[in-house]
Structures are given as structure tokens and as C-alpha cells.
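For reference, the structure is listed below as C-alpha cells.
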Ligand code: SAH
């Protein structure tokens, strides 16, 4: 399709960067066309080379900074431009916080329909030292063009490894560990895994460090079930101060998912311990644990404050991981129920509870959208389902959710609404799916009271947000006598049905619905990746694509113009775009 402009690939242009997009790219205008320039910062005057043009916009590469922006700062990392890990290192930290605040606000307004978002939102909680904060790193292992073994990070949206053992977000000890692993592989002829052929053994090195405990865990993800000469590796690694756990993780699938399910202990124990506040946790390589321990304390403190506990409450903590938030809540509530899909994490959670002497908490392994309805449905006669402690599981006072990026499943939200807790505390790592879910809750009797963004991921575009919602209780009752039926002064019944129809909450539009519409109207099917691509280009949230990040790492698929138009038509039909 011809563009509505004269720009073409290879053109060199001078551009002033006026804004930044959600993924951190600078946005400028040239010849009336919007250009996205990765690594350019708002306020920069830059020379760019056009790489790819679309009808109304294009992508350009930063060639030279002509006049640096006052918001620009010198990045600490030498390979920040090639590496896909950080997107904002060139932006002053104060401005990073502003950028993220705006991102959250925009999503709450645009997707969540919260027109008064400013009123309820607190200023972002930032970090004093926004570097070297991560307690976890996963380094892919591969070979460079000369065949040398390399460890590093994936380049942005690709699986090319950028060699870098010295990440300035992670712990200093990572470099020493990677040196040992690479030297061991070289010496004993252990091959790195190759994605294209599926051959080779070592895929990733996962390192976790306890921020407070100073304990260290190394886990080698391998495409096999044993590591030759592993005792030699153990010998070298266990000399590092703080080393407590060396394991293998078996992943023989040709997939983007880093970890497999099987864990083999090589040395020490299967977990490290760490603490948040005065609660101690055991963390296995397979379990989720917040990556920024300094900010996690502030995040949990906010979640706890928003829960407003007095000691009398029954609370559900959905997506509870190893029970981190659950245990915080349990000390100030009557009873807490945690739900988490990863079995190992639930094992950790149960152990963590007894280890801390906390006994008013119970954990269930399963999906939140299945476990919660199951408990709610258990006493369909309307009688309360009480457990041994007398807590009412069906009618909790507070429900806390902390879902992964794709947000809550609608069955989960639906059950929350039916359970009618007085408060819902939503902890989110993706403000777009957060906003979508808030819209659902607000359309079903809840009201957003407070919003607190927390910077858990400095130098990147990621932002964590805690939201407190309360159930809208009718604050006054007006009695109106209405007679239904035909005749003067009476309200016709079909009017009521019409109004009910108009007020019915809109159903969520799924890829399946979009596809169904297109098939019925145009007679062909479209791949979900195409729908995702069109949505991405329109800047729409990608929440219903699970594992969206992994998908982004795969080569993008490009639909034909005909399919693009059909998808846009469907998006219009479902009122997703105008
Ligand atoms: N609240 C925890 C974990 C949050 S991360 C903490 O702060 O540490 C989100 C968690 O949700 C992960 O542990 C993930 O395994 C889990 N999860 C993902 N999908 C789920 C689902 N459908 N039901 C329950 N848990 C799920």
C-alpha cells in the first residue's frame, strides 16, 4: 500500500522528539508523518534513518543526537542500545517516573474509562538507587559468529544474544558465576543449546540472590536430563560466598518458555531464603518472587494499607505465588485464603506459613478462575460456607488480586463481583490490563478509591500499580411507587426490557468473536497473530494474547491489506475503535 507521504526507507531526516510511546520509543514528526525512534528521548533533536514506513507512520533508527534533550542522561550500561532489557536508561530517572505516571494515567482514562483518574492517583513511589536492584537474572547461553560461547541478553524483540555478563540492574556476583559456567563449558566441551536445530545442552543460567539473606542460587536450564562433569562445576561454584543452592532444570521443549518443570538438585538445597519486612520466605527456582526487594516492601505495605484490616476480616489472596502478600495480610486478618496455579509455589507458601508461625492461612493450588467459583458455588442454597475458624469463605471482606500481565480471567472477576467483598485490592504489573479489569469492576458495583504506582523496574518501561476499590453501597434509599402494565401513569414492561438491554455491561470482545465476525462477513479466517498485529499497530492493549511478551520475541507476522481491513472492520463492529 502506498503511503500518504513521500518518506521512504533509507531517508535521512532531522527530527525533534516530542513525546515517548508506551514502549519507550521517542516520537517525532517529519513531513507531517509520525516517526517512532527507539533510544531517542523526549526533547532530543536527532538525525534518523527511516527503516520502515506505514501509511500514516513509520519507524526510524537513531543515527546521531544533534542537540541532546535536557531530560537525557548518560546510560550506565555500555550495551543498553542493543540489549532488549532496558528501554529508558537514557532518560533521567525523575523523568522516567513522570513517564510511567503518565502511562498509568492514560491507560486508566483511555481503557478504564476513569475520567477522574488524577484525583485518585498518588505520586509514583520511586527508588533512591535505581540500579543493581534485581534479585533474579536469566542469562541465555549461546555461540557468537566465531563459535565462542557467550552469555548475555536477548536483543530487543529477537533471540540474538548480546554478550553482557555485567548487567547494571542485577547483582554484581552474576558476572563471576557466568565466568565460571562459561569456563566450565569450554573446558569440558559442553555445548550451548541452539534454538534453530534444537541441539546442544545449556540453555539458560538462572541466578537468584537473597537481598537480605545474601544467599545465592544457580540453576542451569538444560536440554537434557544430566550435565556431564557437573561435579566440576559444583566444585567451582560452591566456593562463592553465599552459595546455597545449585540445581538443574530440565527443558527439552523447543519453546520460548525458559523453565521446564523438572528440577534436579546438584548441591545444597532446592531453594534460597529471603525476607520482606520480618517475614521469611523460601523461594524455589520455579516460583515467582518479586524481582525488586527494596520496592517490594513498599508495594506490600501499600497493599496492606489498602486492605484496611482490623483483625476480623476474611480475605482471599488470588495469584498468591509463594504466599508473600498472604502472610503479610494474615497477621492482620482473621483468615486468609491463597490461590496459586504453580504447585511448587503452593508448597513453598504452606512451608513459609508454618515457618513463620502463621496458622490462619490456607493455600489452594489451582487457577483463580476455577478455585474461586468452586468455593463460591459450594453452598448454592445461600448458606454461608464456614471453615473451622468460622470464617465465611463465600463472603470475604477483602479480595486481593495480583495477576500476571494478562490480568484476571473474566470468570474470576465475575465471581469477585458475586462475592461482593467490601474492598478489592488490585496489584498489577500491566496498567493496560489493570484498566480493562477496573472497567469491569466499576461497571459492576465497585468504585476506584486510590491508585498507587510503584516503580519496581527502574530503567525499563515496566510499572507496578496498586489500586483500592470499594463496593458502592446505596447511601440513601428513595421509595418510588411504580405500576407496570398498560394505561396512563403506568410503565410499559417492554420499555424496561429495552432499558435493561441498554445498560447491560458489554461483553468482552475475544479473538474468537473477531474471527467469527470476519468469517461470517468475508468468508475467510484470520490468524490471531494477525489480529494481534493490527491491534498492536493501532496501539490497542494486547491483554487477551497470553504470553504476549514471548510472542513479541518471535518474528512478526504481516497480514495482507485485505485482512487488515477486515480486522479493522471487526474492531469497529465491536466498538473497539471508532
Ligand atoms: N502475589 C505474588 C505473586 C504475583 S505474580 C507475589 O507478590 O509474590 C502472579 C502469580 O500468579 C504467579 O505466581 C503465577 O504463577 C500465578 N498465576 C498465573 N496465572 C494464574 C491463574 N490463572 N490462577 C492462579 N494463579 C496464577
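Read-outs throughout are calculated quantities, based only on the coordinates presented, and are distinct from any laboratory measurement. Values in this document were obtained by computation on a predicted structure and should not be read as measured data.
By definition, a body whose alpha carbon gyration tensor gives a ≥ b ≥ c is oblate when a/c is 1.5 or more and a/b is not larger than b/c, and the stretch 276-366 fits this oblate description.
Computed log10 I(q)/I(0) for the stretch 431-473 at 0.26, 0.27, 0.28, 0.32 Å⁻¹: -0.90, -0.94, -0.98, -1.12, from the Debye equation with unit scatterers placed on every C-alpha and solvent omitted. For the stretch 46-100 and the stretch 304-336, compute the distance between their C-alpha centroids and round to whole Å. Centre-to-centre (Cα) distance: 41 Å.
So between residue 45 and residue 186, what do we pick up on full extension, going 0.36 nm a residue minus the alpha carbon distance? The span from residue 45 to residue 186 would gain 46.2 nm if fully extended. Volume per residue for the stretch 283-423 equals 106 cubic angstrom (convex hull of Cα atoms). By definition, a body whose alpha carbon gyration tensor gives a ≥ b ≥ c is oblate when a/c is 1.5 or more and a/b is not larger than b/c, and the stretch 217-290 fits this oblate description.
Within the stretch 44-106, the percentage of alpha carbon pairs spaced more than 20 angstrom apart rounds to 43%.
Take the Cα atoms of the chain, build their convex hull, and give its volume per residue in Å³.
On the way: hull volume 112.9 nm³, N = 578.
For the chain, the hull spanned by Cα atoms encloses 195 Å³ per residue.
Does the stretch 1-132 classify as rounded, prolate or oblate by the C-alpha gyration tensor (a ≥ b ≥ c root eigenvalues; a/c under 1.5 gives rounded; else a/b over b/c gives prolate, otherwise oblate)? Oblate shape, in that a/c is at least 1.5 and b/c is the bigger or equal ratio. The average projected area of the stretch 324-369, computed from the convex hull of its Cα atoms over all directions, is 2.9 nm². At full extension, residue 160 and residue 197 could sit 11.8 nm farther apart than now, given 0.36 nm per residue minus the alpha carbon distance. Calculate the length of the line joining the C-alpha centroid of the stretch 165-207 to that of the stretch 431-458, in whole Å. Computed from Cα coordinates, the inter-centre distance equals 39 Å.
Globularity index of the stretch 66-212 is 1.33 (Cα radius of gyration / 2.2 N^0.38 Å, N = number of residues).
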